[in-house]
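K.L.:
Submitted below is the structure of interest, expressed as structure tokens.
The values are calculated or read from the model by the stated rules, or taken from the named source; none is laboratory data. Only a predicted model underlies this, so the values are computations on that prediction, with no experimental measurement involved. Here the Cβ positions follow ideal geometry from the backbone for every residue, glycine too, while neighbour counts run over all protein chains shown.
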């Protein structure tokens, strides 16, 4: 469900002799909220939950009185009473007994409101409570401190290799949301204090900074339908409060620092993301925060980036989230290689129902700061996984399987 929101439009601006930014009307921005179920503060979607008594929480923007949980039509919990939280969400928890269950199950939350009731079902994975979580299949035990693990100078993109050359914000400032309508526009050394919509092809943004602090806005940098050849390099996208830092297709990110949004980069068709740092995502209701995510597309390269959505001790959802829930409902020819990946419930998560051909995951280095494991991918799909290692041990990472 999407809700239209107002945005500011600005006057024409001219940069150099050829770069023109127009103020044409933009599509309505959108935000979405939904009911979700959490375990240990993270969405249960595809999560690994121990086969024991666990506390599950439902959050909803819609009022409800009570919640209870069922598996296969059988009640596995008592009834929890809902209260209205300070953030405007209705919240309720109940202890669900998952003893005796194993593998992938469908969990149903039944919500009541007076004499009415409604249900929401989520898929989770029930595991042996004694199993090792947070390390994929590497079986790690003793871990060094996070400071030791992440500061070993391994060549990962970060603050010194991405973003603005020289570090300082460009002095040339455009205030308010901007729309590019002239093909071939080059923005070089510009600070945009607003969000950016690209409606023309072969546009380049270089050594610039986009500061789009717009809670409820869908995209900080919106690559319009039909646009091709959009390039962002040596730049920063501060998308604090937005749903997505940049999306959807036909763009290249090169040495870009993206942070603050719920999802960093959404990629569709003909996308290359390389040598970039996408980090410190934000948690937003109804969204599963990922550094990069796709829900369909083709011809994608994600190469030599640092991708970690973690923020303030919250690992959030995934560094790389792959599915085919929208659009053509298919994914073709995607390469994920030589990245430094961290955070998430699973750091790299490929949905079990994905419709994919030609997905290659190779030569990536994983941190061990995920909630459940390094990666999970489905069996029986055209997916190649090879040469991925846990950074601080050098051990090969074997994917968990659906």
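K.L.:
State all residues of the stretch 343-353 that are under 21 Å from residue 316 (Cα atoms) and more than 14 Å from the chain's Cα centre (by Cα); if no residue qualifies, say none.
P.N.:
352
K.L.:
Does the stretch 175-197 contain at least one residue that is under 18 Å from residue 268 (Cβ atoms) and within 26 Å of the chain's Cα centre (by Cα)?
P.N.:
yes
K.L.:
Working carefully through the options 182, 228, 191, 240, find the one that is surrounded by fewer than 22 Cβ atoms within 10 Å (Cβ to Cβ), part of a strand (DSSP E or B) and out of contact with any helix residue (DSSP H, G or I) (no Cβ under 6 Å at 6 or more places or on another chain).
P.N.:
191
K.L.:
Right, another one. Looking only at the stretch 337-358, which residues are under 17 Å from residue 397 (Cα atoms) and in a strand (DSSP E or B)?
P.N.:
Correct list: 337, 340, 341, 346, 347, 348, 349, 350.
K.L.:
Sticking with this one: Look through the stretch 244-254, keep the residues that are modelled with pLDDT of 95 or more and in a loop (DSSP other than H, G, I, E, B), and return whichever of them is surrounded by the fewest Cβ atoms within 10 Å (Cβ to Cβ).
P.N.:
Applying the filter and picking the extreme gives 250.
K.L.:
Here's a follow-up. Only residues that are surrounded by fewer than 23 Cβ atoms within 10 Å (Cβ to Cβ) and in a strand (DSSP E or B): list them for the stretch 281-336, please.
P.N.:
298, 299, 301, 303, 311, 314, 332, 333, 335
K.L.:
Take residue 215 and tell me if it is in contact (Cβ under 8 Å) with a residue 24 or more places away in the chain, buried (at least 22 other Cβ atoms within 10 Å of the Cβ) and part of a loop (DSSP other than H, G, I, E, B).
P.N.:
no
K.L.:
Kindly indicate which of 68, 99 is more than 28 Å from the chain's Cα centre (by Cα), within 23 Å of residue 400 (Cα to Cα) and in contact (Cβ under 8 Å) with a residue 12 or more places away in the chain.
P.N.:
Just a single option satisfies the conditions, and that option is 99.
K.L.:
Now a separate question. How about the stretch 223-264: which of its residues are over 15 Å from the mean Cα position of the chain (by Cα) and farther than 21 Å from residue 306 by Cβ?
P.N.:
Listed by number, the residues that qualify are 223, 224, 225, 226, 227, 228, 229, 230, 249, 250.
K.L.:
Exactly one condition in (1) at pLDDT below 75; (2) part of a loop (DSSP other than H, G, I, E, B); (3) surrounded by fewer than 12 Cβ atoms within 10 Å (Cβ to Cβ) is not met by residue 14; state its number.
P.N.:
Condition not satisfied by residue 14: (2).
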